[in-house]
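The values are calculated or read from the model by the stated rules, or taken from the named source; none is laboratory data. All values derive from a computational prediction rather than experimental measurement. All Cβ positions, even for glycine, are placed from backbone atoms using ideal geometry, and neighbour counts span all protein chains on display. Areas reflect the complete protein model, heavy atoms only, side chains present, ligands, DNA and RNA absent. Shrake-Rupley method; radii C 1.70, N 1.55, O 1.52, S 1.80 Å.
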Amino acid sequence: MEGQRDTRQRLASLLGEVAAHEGVHRTLVEGVEVARISKPAPRAPVVYQPKILIVGQGRKRAYLGDEVYRYDAYNYLVLSVPIPAECETEASPEEPLLLLAINVEPTMLGEMMLEMDEPPSPIGPTPRGISSTPMTEELGGTICRLLECLKSPLDCRMLGRQTVREVVYRVLQGEQGGALRALASRDEHLSRVARVLRFVHAEYAKPLSVEEMARQAGMSVAAFHHYFKLVTASSPLQYLKRIRLDQARRLMAHDGYNASTAARAVGYESASQFSREFKRLFGVTPVEEAVQTRARLVAG
C-alpha cells in the first residue's frame, strides 16, 4: 500500500511537469497525449476513441447506459473501440485534471500477442469496448518511466515507443486486458465488431443499413446486432446516428458549416430531423452549439 501511494504521488508530480499547459497536447512520442484541465465539465455527450487513459490528479466519469466507469488516480480507463458515451470531469484551478492518453493500436497489439506466444485463452463472453481497472504498482511504475521519458526529446526518440509497448503489455496482462486481447484476434466477435466500427467511421455519410454492417462483420443480422450491443451498449443504428451528429458538431464548430450543409455532409436528408435529433442529444440547437463551441475555442 505504501509503495502504491508513493507511485501515485510520483505519477501525479511527473504528469504535472509534462502537462504544464492548459488543454490537450501531443507529445514527442507518437500516439501519446497529455492534458491539463482546470475547469470542471458537466456530464455531456462525447465519442471516446480507442485509448488507454491514465489520470494522475482529478476525476472523470464515463456514462454508458446505466453503467458508470470512473477513472482517477486509482483506476485507469481502457477503450478498445470508439464508444459514444457521456463524460463528466471533476477539476479546479487548485487541483486540475492531469491526464495521459495512449492510442490503442491494433497492429502493435497483434505483434505483441504473437511475441507472447501464449496458448489460446478459453472462449469467454464478448467483452465490452470500455472498462475501468484498478491501477497496479507495476503499471504505475511503467507509466512513471514513460513520463520521465517525455521530459527529454532524446529519450522520446530512443525510448518512447519501447516504453509505450511496456505500458500496453502491462494493460494486456491486467484485469481487463481481455478486450485488447480480443481486438488483436481476428476470430473474436469483438474484432469483427471493431472492423465494422472502422467502416462506419469512414462511411458514416452513406446510407448504411444493419444488413450491410452485418455483411462487413461476416455475421447474420441477429448475431451482429447481439454482439454489437454487447461491445458498444448501443444498437447499430443508434451508434451510426451518434457518430453522424458528433461529426456534424465538429463541422459546424471547426469548419464553418451551417446546420443544413452539416446535415447533408453527414448523411441526413431532412434538415428538420437533423435539428430535432441534434437538440435531443446535445440539449441545444445546431446553431447554438456552433456559436458556443467557437466561443470556447476563442477563449482558449
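In the chain the longest region clear of trypsin sites (Lys or Arg not before Pro) that are loop-assigned by DSSP and have at most 13 other C-beta atoms within 10 Å covers 1-150.
The loop-placed GluC sites (Glu not before Pro) in the stretch 1-107, going by DSSP, that have at most 12 neighbouring Cβ atoms within 10 Å of their Cβ come out as E30, E94.
The label-point distance for D66 and S235, in a model that sets each label 7 Å from Cα toward Cβ, rounds to 1.8 nm. Of the solvent-accessible surface of the stretch 137-232, computed with a 1.4 Å probe over protein heavy atoms with every protein chain present, carbon and sulfur atoms account for 49 percent.
I'd like the FRET efficiency for E86 and D117, computed as 1/(1 + (r/R0)^6) with the beta carbon distance as r and R0 of 30 Å, rounded to 0.05. That pair, E86 with D117, gives E of 0.15. Taking every protein chain into account, the accessible area of the stretch 149-224 amounts to 52 square angstrom per residue (probe 1.4 Å).
The lysine pair count for the chain, using Cα distances under 27 Å and pairs eight or more places apart or on different chains, is 19. Here V291 and V210 are evaluated by their C-beta separation; at R0 = 51 Å the FRET efficiency comes out at 0.90.
The magnitude of the dipole of the stretch 21-126, with charges of +1 and -1 set on the Cβ of Lys/Arg and Asp/Glu and taken from the Cα centre, is near 440 debye. When the alpha carbon gyration tensor of the stretch 80-228 is reduced to an equivalent ellipsoid, the three semi-axes, largest first, read 31, 20, 15 Å. Restriction of the GluC sites (Glu not before Pro) in the stretch 129-183 to DSSP coil positions whose beta-carbon has at most 12 other beta-carbons within 10 angstrom yields E175.
Convex hull volume per residue, computed on the Cα atoms of the stretch 151-256, equals 157 Å³. Dipole of the chain computed with +1 at Lys/Arg Cβ and -1 at Asp/Glu Cβ about the Cα centre; of V32, A214, P93, farthest Cα towards the positive end is A214.
For the stretch 1-100, the relative contact order comes to 34 percent (Cα pairs under 8 Å, sequence separation of at least 6).
Principal axis analysis of the Cα atoms in the stretch 1-82 yields extents of 35, 32, 26 Å, listed in decreasing size. Given the options L154, L11, L180, state which has the largest fluctuation in a GNM of the chain using a 10 Å cut-off (strictly under) for Cα springs. So, out of L154, L11, L180, the one fluctuating most is L154. Across the stretch 126-256, Cα pairs under 8 Å and at least six residues apart give a relative contact order of 25 percent. At full extension, A271 and A20 could sit 86.1 nm farther apart than now, given 0.36 nm per residue minus the alpha carbon distance. M116 sits with roughly 40 Å² accessible to a 1.4 Å probe, with DNA, RNA and ligands left out of the calculation. Simple point charges give the picture: +1 on the Cβ of Lys and Arg, -1 on the Cβ of Asp and Glu, and for the chain a dipole about the Cα centre of about 900 debye. For the chain, how big is the tail of P(r) above 33 Å, as a whole percent of Cα pairs? Here the tail beyond 33 Å accounts for 28 percent of pairs. Mind checking the log10 I(q)/I(0) for the stretch 234-293 at q = 0.18 Å⁻¹? Debye, one equal scatterer per Cα, no solvent, two decimals. Rounded to two decimals, the profile gives -0.52.
About the centre of its Cα atoms, the stretch 94-223 shows a dipole size close to 440 debye [charges on the beta carbon of Lys, Arg (+1) and Asp, Glu (-1) only; nearest 20 debye]. Here the relative contact order of the chain, from alpha carbon pairs under 8 Å that lie six or more residues apart, stands at 16 percent.
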